[in-house]
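The structure appears right after this line, and notes come after that.
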Amino acid sequence: MGFLQLLVVAVLASEHRVAGAAEVFGNSSEGLIEFSVGKFRYFELNRPFPEEAILHDISSNVTFLIFQIHSQYQNTTVSFSPTLLSNSSETGTASGLVFILRPEQSTCTWYLGTSGIQPVQNMAILLSYSERDPVPGGCNLEFDLDIDPNIYLEYNFFETTIKFAPANLGYARGVDPPPCDAGTDQDSRWRLQYDVYQYFLPENDLTEEMLLKHLQRMVSVPQVKASALKVVTLTANDKTSVSFSSLPGQGVIYNVIVWDPFLNTSAAYIPAHTYACSFEAGEGSCASLGRVSSKVFFTLFALLGFFICFFGHRFWKTELFFIGFIIMGFFFYILITRLTPIKYDAVTGSVGGMFLVAVWWRFGILSICMLCVGLVLGFLISSVTFFTPLGNLKIFHDDGVFWVTFSCIAILIPVVFMGCLRILNILTCGVIGSYSVVLAIDSYWSTSLSYITLNVLKRALNKDFHRAFTNVPFQTNDFIILAVWGMLAVSGITLQIRRERGRPFFPPHPYKLWKQERERRVTNILDPSYHIPPLRERLYGRLTQIKGLFQKEQPAGERTPLLL
């Protein structure tokens, strides 16, 4: 590496300092990177592989070291030897190795590289542990490395799953490791517990600098406990796999801390991060989430919802179309997505809206219409209930318990308001109409409030989503949008209550009015509408008028010659 490259890397490193943790890129020679324990290093890897890394002056009370290297989305490789072997190297965006030290060993070497064409900006750190600390991945039987401290992450649209290898008890240098499956008593690795932590990056920020900065808070045990949210604690009897709801475009860092309750010591695995999207893909990449058609749909839906929020009760049929659209669109989206490969569109929702309007116009049964209105409000209230930490309780990971509880809350709302239907209708207009504006904002500027209903939709579509934890970030922009939602809902409800004071609760039956009006026109010959010709004659007369517009006008006057 030439002097100019070293100078550039040094500048990059100086921009990423953390008080007491970052180290300026200094003591390195051609193809050699020097590390210090507990110090973050920023450097750039280029082809060809490998570059040698070295650590000097290892303390005698250190039993094992964990090295980890992180990049945003380009893979890097760390290996015990220059030759890549599956059981001695690890490749990924967050990868690392455990070095079990020999007696009197004070120096450690390993190799770094990348197979990508473009240079990769990396951050790396070495952490040291004593013989009392548990060894992350020390009882690995699933992955390639003999001792694997890495967290393996997979994601799809619905869920993100992390997997890791069980840990082992700590041991001194030169001593054989404790057997992993010799027994299940308190003197074996079965006493160990695993705390799974989740950390959210700032919303709508996909920069590499922000990721590497926040990763520094997720590498050591004290920092993880102070910065991240503990989601669940696993015992040695539990499966070392945890699922979370996927948040496309939102950066999330996961880590696991293994704790020995007998010695009260802990060690951290190597954190893994994801955005639940691809940086390299074209359409649908992290930088361009959401289709144009979806943005257009939610924009139009929000305009209708905004109108309903302030004028829904007055324009009763328009509100019924809005409610029918939501109900039919939601259920048919689930049916079409689960049973067929057909892409869903808004036609089915429109049919549902027109159907509910037609039911009201023909039969005029207010109770059926208000049941639909109340169920939509109940659905949103039930979704909000499970959007809180209540939704992550272990009992609700059972689909039967979840859907029964969810349905009871949704049905409870129309039952409670059965004696004051106008209030129920106005509340639904304000709350549901304003929430449609929130969904439209999410299509342009990501917000966690959209997951209020999206998590329920995911659970209905995916049979494995019941095991996922549905935590979401709640940051500054979410508070702003929550305030906008509340302001719109309160304003719409207040305006409609004041305007409808002293008016009839609901409009009369449309079909009866039409029928009475028709009978009145038939029997009252003094009514000018009585003398209106039938529809067929009116259409024929209108067509004749239109045809006359295209005929050539005849000249006026005598057309025969005068006889003298």
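Using Cα atoms only, what is the angle between the long axis of helix 421-444 and the major principal axis of the chain, expressed in degrees (0 to 90) to the nearest 10?
For helix 421-444, the angle is close to 50 degrees.
Hey, can you find the accessible area per residue of the range 357-420 for me, probe 1.4 Å, expressed in square angstrom?
Numbers: 3260 Å² over 64 residues.
About 51 Å² of surface per residue is accessible.
Ordered by residue, what ³J(HN,Hα) values in Hz, to whole numbers, does the range 303-308 give under the Karplus form 6.51 cos²θ - 1.76 cosθ + 1.60, where θ = phi - 60° and Gly and Pro are x?
Couplings: 4, 5, x, 5, 5, 5 Hz.
Relative contact order, percent, of the range 322-377 when contacts are C-alpha pairs under 8 Å separated by at least 6 residues? Intermediate results must be reported in sequence, preceding the final value.
Working: 51 pairs, mean separation 24.7, N = 56.
Normalised by residue count, the contact order of the range 322-377 is 44 percent.
For the range 44-165, just run the numbers: alpha carbon Rg, then divide by 2.2 N^0.38 Å, N being how many residues it has. Write down the numbers at each step before the final one.
Working: Rg = 15.0 Å, N = 122, 2.2 N^0.38 = 13.7 Å.
For the range 44-165, the normalised Cα radius of gyration comes out at 1.10.
Report P(r) for the range 150-231: all Cα-Cα distances, bin width 10 Å, range 0 to the bin holding the largest distance, values in whole percent.
Computed distribution, short to long bins: 13, 33, 32, 17, 6.
So what is the accessible area of the range 198-262 per residue, in Å², with the probe set to 1.4 Å?
Numbers: 2480 Å² over 65 residues.
Result: 38 Å² per residue.
Sort all Cα-Cα distances of the range 189-282 into consecutive 5 angstrom bins from zero, then give the percent of pairs in each bin up to the one containing the longest distance.
Result, from short to long distances: 3, 13, 24, 21, 17, 11, 7, 4, 1, 0, 0 percent.
Could you derive backbone 3J(HN,Hα) for the range 219-231 from the dihedral phi with the Karplus parameters 6.51, -1.76 and 1.60 (θ = phi - 60°), listing whole Hz in sequence and x where the residue is Gly or Pro?
Karplus-based 3J(HN,Hα) across the range 219-231 equals 9, 10, 4, x, 5, 5, 5, 7, 9, 9, 9, 7, 8 Hz.
Would you mind checking which residues have amide H under 5 Å from Ile151's amide H? H placed 1.01 Å from N; only 5 or more apart, or other chain.
Counting only residues 5 or more places away or on other chains, the set is Ile270.
For the range 63-143, report the accessible area per residue in Å² (1.4 Å probe, heavy atoms, rounded to an integer).
37 Å²
Using a Förster distance of 22 angstrom, determine the FRET efficiency expected from the C-beta separation of Glu280 and Leu84, and round it to 0.05. Working shown, then result.
On the way: r = 23 Å, r/R0 = 1.03.
Working from the Cβ atoms, E equals 0.45.
Return the calculated 222 nm mean residue ellipticity for the chain, to the nearest 500 deg cm²/dmol, obtained by summing -39500 (n - 2.57) across DSSP H runs with n ≥ 4 and dividing by the residue count.
-13000 deg cm²/dmol
What is the Cα convex hull volume of the chain when expressed per residue in Å³? Present the calculation step by step, with values, prior to reporting the outcome.
Details: hull volume 154.5 nm³, N = 564.
Each residue corresponds to 274 Å³ of Cα convex hull volume.
Identify unpaired cysteines across the chain, taking unpaired to mean no other cysteine Cβ lies under 4.7 Å from the residue's Cβ.
Taking the Cβ cut-off of 4.7 Å, the unpaired cysteines of the chain are Cys108, Cys309, Cys369, Cys372, Cys408, Cys420, Cys429.
Expressed as a rounded percentage, what relative contact order does the range 361-434 have, with Cα pairs under 8 Å and six or more residues apart?
Details: 51 pairs, mean separation 33.9, N = 74.
So the answer I get is 46 percent.
Okay, which of the range 429-468 sit inside 13 Å, backbone N to the point 7 Å along the Cα-Cβ direction of Phe355?
Answer for this model: none.
For the range 298-386, which trypsin sites (Lys or Arg not before Pro) pass both filters: DSSP loop (anything but H, G, I, E, B) and at most 16 other C-beta atoms within 10 Å?
Numbers: sites: Arg314, Lys317, Arg338, Lys343, Arg362; in loops: Arg314, Lys343.
Those that pass, being in a loop and sparsely packed, are Arg314, Lys343.
How much length is gained on full extension from Arg314 to Asn462, taking 0.36 nm per residue of separation minus their Cα-Cα distance?
Numbers: separation 148, 0.36 × 148 = 53.28 nm, distance 3.92 nm.
Roughly 49.4 nm would be gained on extension.
Under 30 Å Cα-Cα from Lys39, which lysines qualify once same-chain neighbours fewer than 8 residues away are excluded?
Lys163, Lys213, Lys225, Lys230
Taking amide hydrogens as modeled 1.01 Å from N in the peptide plane, which residues meet the under 5 Å criterion relative to Ile33, leaving out close sequence neighbours?
Counting only residues 5 or more places away or on other chains, the set is Glu52, Ala53, Ile54.
Could you check the simple spin-label distance between Glu209 and Ile395, using points 7 Å along Cα→Cβ, in nm with one decimal?
4.9 nm
Given points 7 Å out from each Cα along the Cα-Cβ axis, report the Arg503 to Leu263 separation in nanometres with one decimal.
Calculated label separation equals 7.5 nm.
What percentage of the solvent-accessible surface of the chain, computed with a 1.4 Å probe over protein heavy atoms, is contributed by carbon and sulfur atoms? Present the calculation step by step, with values, prior to reporting the outcome.
On the way: 18030 of 29330 Å².
Exposed carbon and sulfur together represent 61 percent of the surface.
So how far apart, in nm, are the two label points at Ile117 and Phe331 if each is 7 Å from Cα heading toward Cβ?
Label at Ile117, label at Phe331, 5.3 nm between them.
Treating only the Cβ atoms of Lys and Arg (+1) and Asp and Glu (-1) as charged, compute the dipole magnitude of the range 95-163 about its Cα centre; round to the nearest 20 debye.
Numbers: 3 positive and 9 negative charges, 43 e Å.
That gives a dipole near 200 debye.
Using a 1.4 angstrom probe on the protein heavy atoms only, line up Met123, Met418, Met328 by accessible area, largest first. Spell out each step's value before the answer.
On the way: Met123 0, Met418 110, Met328 55 Å².
The ordering from most to least exposed comes out as Met418, Met328, Met123.
Expressed as an acute angle from 0 to 90° and rounded to the nearest 10, what is the orientation of the C-alpha long axis of helix 316-339 relative to the principal long axis of the chain?
Computed tilt is about 50 degrees.
Give the peptides 349-355, 242-248 in descending order of average Cβ contacts within 10 Å, highest first. Don't jump to the answer; show the numbers that get you there.
Working: 349-355: 18.9, 242-248: 21.0.
Ranking, from highest mean packing down: 242-248, 349-355.
Find the percent of Cα-Cα distances in the range 286-420 that exceed 20 Å, and round it to a whole number.
For the range 286-420, the fraction of Cα-Cα distances above 20 Å is 58 percent.
Using modelled backbone amide H atoms (1.01 Å from N, in-plane), which distant-in-sequence or interchain residues come within less than 5 Å of Val232's amide H?
Val196
Using Cα atoms only, what is the angle between the long axis of helix 399-416 and the major principal axis of the chain, expressed in degrees (0 to 90) to the nearest 10?
Computed tilt is about 40 degrees.
The values are calculated or read from the model by the stated rules, or taken from the named source; none is laboratory data. A quick note: this is a predicted structure, and the numbers were derived from the prediction, not measured. Here Cβ is always computed from backbone atoms with ideal geometry, including for glycine, and neighbour counts include all displayed protein chains. Quick note on the areas: whole protein, heavy atoms, side chains included, nothing else; ligands and nucleic acids left out. Shrake-Rupley method; radii C 1.70, N 1.55, O 1.52, S 1.80 Å.
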